[in-house]
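Written below as structure tokens is the structure these notes are about.
The values are calculated or read from the model by the stated rules, or taken from the named source; none is laboratory data. Model, not experiment: these values are computed from the prediction. Neighbour counts run over all protein chains shown; Cβ positions are idealised from the backbone, glycine included. Just the protein is used for accessible areas: all its heavy atoms, side chains included, with ligands, DNA and RNA removed. Shrake-Rupley method; radii C 1.70, N 1.55, O 1.52, S 1.80 Å.
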Amino acid sequence: EPLIKIQHVSKRYRNTNALRDISLEIPRGTIFGLIGPNGAGKTTLLRILAALLTPSDGQVWFEQQEVTRAPAIIQRKVGYMPDFFGVYPDLTSAEYLEFYAGIHGIPRQKRAGIVNDLLELVELSSKRDAMVETLSRGMKQRLCLARALVHDPEILILDEPASGLDPRARVELRELVRTLQGMGKTVLISSHILLELAEMCTDIAILQNGELIIAGDVEKVIRQL
Ligand code: ADP
Ligand code: ADP
């Protein structure tokens with residue numbers, strides 16, 4: 001039984017068919033890569049999975065739950081890291097994560113412990129009192145990843161997390177994603193570069209122009225390309 005079942009999902013914006021009849025299963029515990037050029041529909045699909053966007057047609061199931069019927073429950077299960085760097089507030093790394101822990105309704109007395117654990121996980125303990133704006137791009141990326149983990153989600157969705165990172169930061173990201181898989185999380189990750197994901201993912205799916213081209217075990221898919 002897959003963790004996530006996508007059934008005949010389509011998404012239309014005014015003049016654009018961003019997704020066309022996508023059906024896909026995502027097994028529990030995988031590092032699942034979504035690959036496609038810009039405009040393929042990756043962000044649209046990931047936002048639908050995170051219950052941040054409603055499909056025009058079709059359904060997404062998380063086990064027995066249909067996403068559009070219980071978006072709040074799904075949002076608790078999912079940590080979503082968007083593909084853009086926003087403007088950072090005037091906060092330190094620790095304050096930044098504490099702020100998001102508050103947004104997720106985590107009681108005040110628990111926040112400091114959670115924040116410390118997350119900073120350690122993403123190897124930013126030494127930057128806990130540094131202003132977010134002063135962090136390197138790779139560090140900001142890891143902080144955003146920690147932010148997506150604040151409510152201890154089962155599923156982590158990372159939209160283009162490797163874009164703009166130097167090779168060393170990419171290796172660190174890859175190791176972090178593997179650690180998260182080891183902690184029992186299912187990770188979905190997108191990229192427009194196949195090679196960026198091939199070595200990190202257990203499964204991949206390729207999207208083009210809103211259509212699913214191929215999906216499955218990473219080695220099997222690469223052999224068929
Ligand atoms: P990707 O993440 O693969 O780059 P997107 O999901 O962002 O693809 O976009 C898929 C298509 O849908 C693109 O043609 C994009 O311009 C269009 N699109 C995305 N979001 C919107 C929106 N809010 N309104 C109109 N068109 C959109
Ligand atoms: P990506 O990097 O995945 O291609 P974009 O940078 O194209 O995503 O899109 C960033 C944001 O702008 C998203 O929220 C997306 O829905 C929105 N967007 C993308 N294309 C359009 C569009 N043609 N019209 C309106 N909004 C769009």
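Report the label-to-label distance for ASN116 and LEU91 in nanometres (one decimal), using points 7 Å from each Cα along the Cα→Cβ vector.
Between ASN116 and LEU91, the label points sit 2.0 nm apart.
At what distance in nm do the modelled label points of MET183 and SER56 sit from each other, each positioned 7 Å from its Cα along Cα→Cβ?
3.8
Calculate the dipole size of region 99-197 relative to its Cα centre from +1 charges on Lys and Arg beta carbons and -1 charges on Asp and Glu beta carbons; express the result in debye to the nearest 20. The partial results should precede the final answer.
Values: 14 positive and 13 negative charges, 45 e Å.
Its charge dipole is roughly 220 debye.
Checking the table LYS5/LYS185; LYS11/LYS140; LYS5/LYS140; LYS5/LYS42; LYS110/LYS140 against a 20 Å threshold on Cα-Cα, which pairs fail?
LYS11/LYS140; LYS5/LYS140; LYS110/LYS140
Go through PRO167, ILE213, GLN181 and say which Cα lies farthest out towards the positive end of the charge dipole of region 123-225; charges sit on Cβ, +1 for Lys and Arg, -1 for Asp and Glu.
PRO167
Compute a Gaussian network model of the chain, connecting alpha carbons closer than 10 Å, and tell me which residue from TYR96, TYR80, TYR13 fluctuates the most.
The residue that fluctuates most here is TYR13.
Using a 10 angstrom cutoff on alpha carbons, build the Gaussian network for the chain and name the most mobile of PRO107, PRO71, PRO153.
PRO107
With charges set only on the Cβ (+1 for Lys and Arg, -1 for Asp and Glu), what does the dipole of region 1-150 come to about its Cα centre, in debye to the nearest 20? Working shown, then result.
Working: 20 positive and 15 negative charges, 57 e Å.
For this selection, approximately 280 debye.
Keeping every protein chain present and rolling a 1.4 Å probe, give me the accessible area per residue for the chain in Å². All intermediate terms of the calculation are to be shown ahead of the outcome.
Working: 11150 Å² over 225 residues.
I get 50 Å² per residue for this part.
How much length is gained if the chain between ILE214 and GLU154 is pulled fully straight, taking 0.36 nm per residue apart and subtracting their Cα-Cα distance, in nm to one decimal? Before the final figure, lay out the partial values.
Details: separation 60, 0.36 × 60 = 21.60 nm, distance 2.54 nm.
Roughly 19.1 nm would be gained on extension.
Pairs of alpha-carbon atoms within less than 8 angstrom and 6+ residues apart define the contacts here; what relative contact order does the chain have, in percent? Don't skip to the end; give the middle numbers.
Numbers: 407 pairs, mean separation 64.8, N = 225.
RCO, the chain: 29 percent.
Given charges of +1 on the Cβ of Lys and Arg and -1 on the Cβ of Asp and Glu, with all other atoms neutral, how large is the dipole of region 153-210 about its Cα centre, in debye to the nearest 20?
Details: 5 positive and 9 negative charges, 22 e Å.
In debye, rounded to 20, region 153-210 gives about 100.
Starting from the Cα of THR16, step 7 Å along the direction of its Cβ; do the same at ASN38; then give the gap between the two resulting points in nm.
Each label point is offset 7 Å from its Cα along the Cβ direction, giving 1.1 nm.
What does the accessible area of GLU199 come to, in Å² to the nearest 10, when a probe of 1.4 Å is used?
Near enough 110 Å² of accessible area.
Residues of region 89-121 with backbone nitrogen within less than 18 Å of a virtual label 7 Å along the Cα-to-Cβ line of GLU133, please, listed as ranges.
Once the point is set 7 Å along Cα→Cβ of GLU133, 89-97 turn out to lie under 18 Å by backbone N, inside region 89-121.
What helices does the chain hold that run 18 Å or longer along their axis, going by alpha-carbon atoms, with a Kyte-Doolittle average of -0.5 or more, using DSSP H for the helix calls?
TM-like helix candidates: 108-121.
Ranked highest first by the average count of other Cβ atoms within 10 Å around their residues, in what order do 162-173, 140-151, 18-29 fall? Don't jump to the answer; show the numbers that get you there.
Working: 162-173: 15.2, 140-151: 22.2, 18-29: 18.1.
Sorting 162-173, 140-151, 18-29 by mean packing, highest first, produces 140-151, 18-29, 162-173.
Give me the base-10 log of I(q)/I(0) for the chain at each q in 0.12 Å⁻¹, Debye formula, one uniform scatterer per Cα, rounded to two decimals.
Per q value, in the given order, log10 I(q)/I(0) is -0.64.
Mind listing the long-range amide H neighbours of ILE213? Cut-off is under 5 Å, sequence gap 5 or more, other chains count too, H placed in the peptide plane at 1.01 Å from N.
Answer set, sorted by chain and number: ILE206, LEU207, GLN208.
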